[in-house]
Amino acid sequence: MAITHCSNSTAARLVVAALVLCASRQGAAGIFNKSQPPPDWGLEAAKTHVPDYAKDAAAVILFDEFVETVDAQGRAVERERRVKRVLKPQGRSEVSCSVSYSEDEKINYFRVWTIAADEKQYQAQDTDFFEEGDTGVPIMLSTNKTRVARPPAVDVGATVICESEELLEPYIHESIWEIQKGIPVVFQALEIDLPTGRPHSQSWHNYKSVPPIEVAPSHWRWELKDTPALTLRNVPSGPEWVAVAARMSVQWGDAAIDGTDNQWRAIGAWVTTLEATRPEPSPEIAAQTQSLIAGAPDFYAKLSRITDYIQKNIRYFVVMRGIGGLQANHASDIYRNKYGDCKDKTTLLISMLQVAGIHAYYVPVDHRRGVVDPDDPSLMGDHMITAIEVPADVNDARLMAIVKGKDGKRYLIFDPTNERVPIGNLPSYLQGGYGTLAAGTSSQILALPVLPPEANPNERTGTFTLALDGTLSGSVDSIHSGSEGGELRNDLKYSDEKERREALETSVAHDVPGVVLNSFQYVQPSDLDKPVEVHYKLTAGQYAHQAGTLLLVRPRVVGSDVLPFNDKPRTVDIDLSATGKWHDSFDITLPAGYVVDETPDPVDVDVDFASYHSTITGKDNHLHYEREYVVKQIQIPAEKAAAFRHLEGSILSDEKGTAVLKKQ
């Protein structure tokens, strides 16, 4: 049960998931393999009957208990006891035991036992334990580790007992209880044992509040029974799993006060204090900034010159240990080294804006929409972005990602870690989420903006010729702006010519089987606010199909905008990924002697979250396809599933629609 520190999981969409976590050190082997029989509490929990609702699961958690013992300085020792049972062969992977730790933490003990299906008892030995580090992220050097145990004799019917105790980081005064798992939980509990008189506060995410039992003065216990598994495996266009999963946050630090707004203010004030001296500009930063903004005619010009410099010159890379998962490096070091993580890029941006006379603030967020919950004050998050205060007299249409705070001030939300989306716009993965404005006593929770469709415009035109044998040849030209243009820029940065060809061929072949890509070209202007262009030529044999004297041809040659959907009952929100406006115009020159005999009906769908309009017309020896798709919202509630299915079904029907050609 740990806090997720600031990270750049934006790169999960852009390149790789670059999580900025705490550093760590390896524990001594001797604390893991002290020979002893399974504890009484484990043997008792192992007698728990598997309830009927869990019998179809691969595994089940019979017992899961956390006890946080907090000292006078607010530092906690965490003990976890867990008992799991394997119900199906695939459940073997669900019952491993692990403890994550950093250099500021210490594992006091970690023990694991197995009660096999035949009732024989085994204890994990040294050879059953191993270390895992953050080696999967190539742009991060982290000493954070996880101690993992592979329980012995694990098979169907086996019960695994895990027990560990860990001294946690001294600067985290919060516990996040992850209530819901990927498998059912029969019984679980959380205890917080605080020094006498020390206050606490609690908040819940996707779960009805449960009052605690005071087992002793300042010692609180929450108990839950029969928590179902959460799986989104067969839920298309769904939200992030962690955004839906139930959890509870308990605060015992400065945020242990009454009132949600007060708790967010305390969390933001803590971040403000943590980063207080980090953005102080050095003489070198001041000189660089003055050089950048010299002659800038307006507020936007100043912003774009500074942000463009950071996006293009400060490489994303993480070297971090201990509190470095939460606290940025000093701006002078970031500028000198020319690299940093999400916190560092925000720090340097705040520093340079300070030189330019512009106020800016840290905003802890999570790149997964819905994880940060305005009703659940917490440090939970994995990324840091920037809120730039916009003066009252500035009204620039290019600054679209603006929100108004509770203090009446306007803040431009910007992600300096994202190297491809220009100032004024906002990556789609951040839109519609929440972040903590860390502005001292003015700190607050901010709803991140959802940009209008016009902020993400994309145009595609195609000119094709259809031969008598059904072969289609032609060219496609498209321009991509906004967040979609940023994603395409990122793909180009991290791919070579061969990979680009393969990706484009795969995409086009999805719509045009048997296609041959004759040539392709990407045009990427250096200015981030200019669109990326894609040009390619193709040939596809047997595109049109003979039906007697008729030819059948699909007017919508390339492009598919259908999101995954099905007819199953919906209980979670539908994620549309991004707002935007997509316009296509295709012209097909028909074979000599053929004219259009019949075309599919126009499609006109208007719902509150999107619209789709298409027409197919024939004139002389040309077939013309035109359509516009507009998405106005990023996430819609489950009760609108019927409207969503109607929209997607209409789009799918339009994309597969066939025109009939006849001989004159």
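The values are calculated or read from the model by the stated rules, or taken from the named source; none is laboratory data. Here the structure is a predicted model, which is why all the values come from computation and not from measurement. For neighbour counting, all protein chains shown are included, and Cβ atoms are generated from backbone atoms with ideal geometry for every residue, glycine included. Accessible surface areas use protein heavy atoms only, side chains included; no ligands, DNA or RNA. Shrake-Rupley method; radii C 1.70, N 1.55, O 1.52, S 1.80 Å.
Here are the numbers for this structure:
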read-out	value
Hits in the stretch 187-201 - residues which are open to solvent by 20 Å² or more (accessible area, probe 1.4 Å) and either charged (D, E, K, R) or closer than 19 Å to Trp252 by Cβ (or both)	Glu191, Asp193, Pro195, Thr196, Gly197, Arg198, Pro199, His200
Flag if Ala286 is over 17 Å from Arg336 (Cβ atoms), open to solvent by less than 40 Å² (accessible area, probe 1.4 Å) and in a helix (DSSP H, G or I)	no
Single residue of Ser291, Ser209, Ser249 found to be without any contact (Cβ under 8 Å) to a residue 12 or more places away in the chain, closer than 25 Å to Val572 by Cα and of a type in the set (Ser, Thr, Tyr)	Ser209
Test: residue in the stretch 183-203 that is under 30 Å from Lys120 (Cβ atoms) and among the basic types (Lys, Arg)	no
Qualifying residue in the stretch 507-515 (condition: touching a Phe, Trp or Tyr at 6+ places or on another chain (Cβ under 8 Å), open to solvent by less than 80 Å² (accessible area, probe 1.4 Å), in a loop (DSSP other than H, G, I, E, B) and β-branched (Val, Ile, Thr))	yes
Test result for Ser304, in a helix (DSSP H, G or I), over 19 Å from Leu426 (Cβ atoms) and modelled with pLDDT of 95 or more	no
Residues located in the stretch 516-547, provided they are in contact with a His (Cβ under 7 Å, 6 or more places away or on another chain) and either part of a loop (DSSP other than H, G, I, E, B) or among the acidic types (Asp, Glu) (or both)	Pro531
Yes/no for Val365 being open to solvent by less than 20 Å² (accessible area, probe 1.4 Å) and within 30 Å of Asp575 (Cα to Cα)	yes
Filter result (open to solvent by 20 Å² or more (accessible area, probe 1.4 Å), charged (D, E, K, R) and under 14 Å from Tyr434 (Cα atoms)) within the stretch 382-405	Lys404
Some residue of the stretch 409-432 being in contact with a His (Cβ under 8 Å, 6 or more places away or on another chain), open to solvent by 10 Å² or more (accessible area, probe 1.4 Å) and assigned to a strand (DSSP E or B)	no
Top-ranked residue in the stretch 55-77 [being at pLDDT 95 or above and not in a strand (DSSP E or B); ranked as surrounded by the most Cβ atoms within 10 Å (Cβ to Cβ)]	Ala57
Selected residue (criterion: least open to solvent (accessible area, probe 1.4 Å)) from residues of the stretch 459-482 that are outside any strand (DSSP E or B) and under 24 Å from Pro591 (Cβ atoms)	Gly470
Residue satisfying all of: in the stretch 356-384; within 14 Å of the chain's Cα centre (by Cα) and hydrophobic (A, V, I, L, M, F, W, C); farthest from Trp204 (Cα to Cα) among these	Met384
